[in-house]
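First the structure, in the form of C-alpha cells, and then the observations on it.
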Amino acid sequence: MDTNRTSGNNGDSTDLSTKHVFTTGEAAAICKISQQTIIRCFDNGRLGGFRIPGSRFRRIPRDELTRFMRQNNIPADHIKGSHKRVLVVEDDETIIELFRDVLGTDERFLVKTAATGYDAGVLTEQFKPDLMILDYMLPDINGNVVCKTVRKSEQLSSMKVIIVSGVVNRDEIAGLLEAGADDFIQKPFNISKLLDRVYTLLEM
C-alpha cells in the first residue's frame, strides 16, 4: 500500500500547497476521503498519475489532483493555497499597469500578464489561472479565439474568463459569451465595477 505520511520528522504537518506530486495518502488527506477511494479512482482511471518504477507506489501530479477535485466538487483551497491566480491578457501597457497596481498589490492575488494570444496560451498552461481578464483585440489573434482554445482543456474547465472590449454590438457580445467567456465588460471600464465582477466570479 502507498505511504500515508503527511508530516515531517518533527511531527509538523507538511505544507501540501507547495508540493507538485502527491502520494495517495496525501491526496486522500487533501480531498478528505479515504486512501482506498483515492487508490480505487487511480486504478480505474478517474484519477491520473504514475507508478514509481519497480514498485507499486502511485503518485499523483498536482494538476491531475486539482482536476479531479474540481470534477468532483471538492474544495481545492488546501492544494492551491490562499492566492487567486489572475492572468491579464492585454497589449495596452497603460491598462496592464492599472491591473498590476490594483491586483498586484493585493496579497490575495498572484498576477501575470501577456500581450499576445500566443503568450496567453503558454502562460495559461504554466500558470493555471483562476481568472483570465482577456482583451478582445490582440495583436496576433482575437480574444474569442483564445477563449475557445483554452476552454478545450479539461484542466482549465473551472477557470473564469472576463473579456474586455470596446465592442457594443449585441450579437458580437453574445458571440464572445458563446466562445466561453463568463462575463463581458465594455471599454472604457470603471475599475471598481470590474473588481466587483472579479470578486463575484472568484467567490471572494
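Every read-out reported here was derived from the displayed coordinates using simple, explicitly stated rules and does not represent laboratory data. In this text, all values refer to a predicted model and were calculated from it rather than measured experimentally. Using ideal geometry, Cβ is built from the backbone for each residue, glycine included, and neighbour counts are taken over all protein chains shown.
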Quick one: helix 117-127 against the long Cα principal axis of the chain, what's the angle to the nearest 10°, folded into 0 to 90?
-> 30
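Please compute the length gained on full extension between ARG40 and GLU154, using 0.36 nm multiplied by the number of residues separating them and subtracting their Cα-Cα distance. Please report the intermediate quantities before stating the final value.
On the way: separation 114, 0.36 × 114 = 41.04 nm, distance 2.12 nm.
Stretched fully, the ARG40-GLU154 segment lengthens by 38.9 nm.
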Region 28-74 versus region 142-204: alpha-carbon centroid distance in Å = 32
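With the contact rule set at Cα under 8 Å and sequence spacing of 6 or more, what percent relative contact order holds for the chain?
Numbers: 297 pairs, mean separation 27.9, N = 204.
This gives 14 percent for the chain.
Where does each of THR200, THR105, THR23 land when they are ranked from fewest to most other beta-carbon atoms within 10 angstrom? List each step's numbers first, then the result.
Values: THR200 12, THR105 9, THR23 22.
Fewest-to-most Cβ neighbours within 10 Å comes out as THR105, THR200, THR23.
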What angle, in degrees between 0 and 90 and rounded to the nearest 10, separates the Cα long axis of helix 191-201 from the longest principal axis of the Cα atoms of the chain?
-> 30
Spin-label point model (7 Å from Cα, Cβ direction): what's the PHE50 to LYS32 distance in nm?
-> 3.2
Among PHE109, PHE189, PHE99, whose mean-square fluctuation peaks in a Gaussian network model of the chain (Cα, cutoff 10 Å)?
-> PHE189
Once you have the Cα-Cα distance between HIS83 and GLN71, take 0.36 nm times their residue separation minus that, and quote the gain in nm to one decimal.
-> 2.3 nm
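Mind jotting down a quarter of the surface of the convex hull over the alpha carbons of region 16-79, in square nanometres, one decimal? All intermediate terms of the calculation are to be shown ahead of the outcome.
On the way: hull surface 15.6 nm².
The directionally averaged projection comes out at 3.9 nm².
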Of ALA27, SER55, THR37, whose Cα points farthest to the positive end of the dipole of region 16-79 (charges on the beta-carbon: +1 Lys, Arg; -1 Asp, Glu; origin at the Cα centre)?
-> SER55
Can you give the longest stretch of the chain with no exposed loop site, where a site means GluC sites (Glu not before Pro) in a DSSP loop (not H, G, I, E or B) with at most 11 other C-beta atoms within 10 Å?
-> 1-106
On a 0 to 90° scale, report how tilted helix 62-71 is relative to the longest principal axis of the chain, with both axes built from alpha carbons and the result rounded to the nearest 10.
-> 80
Within the chain: Cβ-based charge dipole about Cα centre, in debye rounded to nearest 20 (Lys, Arg +1; Asp, Glu -1) = 1160
How large is the dipole of region 89-180 about the Cα centre if only Lys and Arg carry +1 and Asp and Glu carry -1, each at its Cβ, rounded to the nearest 20 debye?
-> 420
Of all the Cα-Cα pairs you can form in the chain, what percent are over 27 Å apart?
-> 39
With no solvent and one point on each alpha carbon, what is the Debye value of log10 I(q)/I(0) for region 82-201 at q = 0.19 Å⁻¹?
-> -1.00
Counting other C-beta atoms within 10 Å, which of MET204, MET137, MET132, MET159 has the fewest, and how do the rest follow?
-> MET204, MET137, MET159, MET132
